[in-house]
């Protein structure tokens, strides 16, 4: 008999190091020595012909390692599903609940998604591994096989996945009243907006530019502060660091309290969010799918084509 292409005990070591961040913690989680973990990883790297783990602090997977870890997690889910479906045939049952890896955008994670995650975890007992990425980039994690499901802004289904609209996350352009008085004493126009510092979460965050283009029919390039946190983004808007787009779920209470004010009260940017998930794991993801979709349709605006609302 030929040796298997993948030694799953070795792959379990890779996944543990990536999950725990170090060889020592991975060894403790697996109940073996650090030396054993190192040897297993070295063996599978030699077998595969590629480095799977970067020996940094914390340890991180290479692109190949990330795909191998995702494969290992999928195998575990399939095994768990098989055992749960035929309990009388198995004398040994998994001690731990399965972990489902999902790509989530920061604004959803800071607003409506926790309600769905909490409800799902209470009902199923399963664990979640949430990967934070912009809604425009989450679909790529599905394509690479690194996650089983994702919240995306892309209406095109990833190959091998099913897709359903979740609803509209409405964004409002806001700033503190003091900031508004300082930079927009005569209202919003292309000149004033080009001089007023704005906030962006990262280089992929184009919400502010899209809003300005639609409202003013003009491209502007204001000075920019970079803030990679949704709540930090809102907090810095409140103290007058700049203007920016915030989800209505977060922004409405600060507008009501007077800490923030809309730049253009009647012009909001609507972004339709979609839930995409692997067809291969549709039975495993069934409860999660139902919970995410039901929660989104309770807390978001009804799904439709992405548009500017007036």
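The values are calculated or read from the model by the stated rules, or taken from the named source; none is laboratory data. Because the structure is predicted, anything quoted here is derived from the model rather than measured. Note that each Cβ is placed from the backbone with ideal geometry, even for glycine, and that neighbours are counted across all protein chains shown.
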| field | Among (1) part of a loop (DSSP other than H, G, I, E, B); (2) assigned by TED's automatic domain parsing to the domain that holds residue 98 - the single one residue 185 does not satisfy | value | (2)
| note | When residue 258 is run through (1) within 30 Å of residue 146 (Cβ to Cβ); (2) in contact (Cβ under 8 Å) with a residue 12 or more places away in the chain, the failure sits at (1)
| message | Restricting to segment 45-63, and then to whatever is part of a helix (DSSP H, G or I) and surrounded by 15 or more Cβ atoms within 10 Å (Cβ to Cβ), can you tell me which residue is modelled with the lowest pLDDT? | response | 48
| Residues that are out of contact with any helix residue (DSSP H, G or I) (no Cβ under 7 Å at 6 or more places or on another chain) and over 14 Å from residue 49 (Cα atoms), drawn from segment 61-72 | 66, 67, 70, 71
| note | When every residue in segment 228-267 that is in a loop (DSSP other than H, G, I, E, B) and at pLDDT below 95 is compared, the one nearest to residue 169 (Cα to Cα) is 267
| Does residue 98 count as modelled with pLDDT under 90, more than 21 Å from residue 169 (Cα to Cα) and surrounded by 14 or more Cβ atoms within 10 Å (Cβ to Cβ)? | yes
| task | Considering only segment 224-260, state which residues are over 28 Å from residue 288 (Cα atoms), surrounded by fewer than 21 Cβ atoms within 10 Å (Cβ to Cβ) and in contact with a strand residue (DSSP E or B) (Cβ under 7 Å, 6 or more places away or on another chain). | result | 224, 225, 226, 236, 241, 255
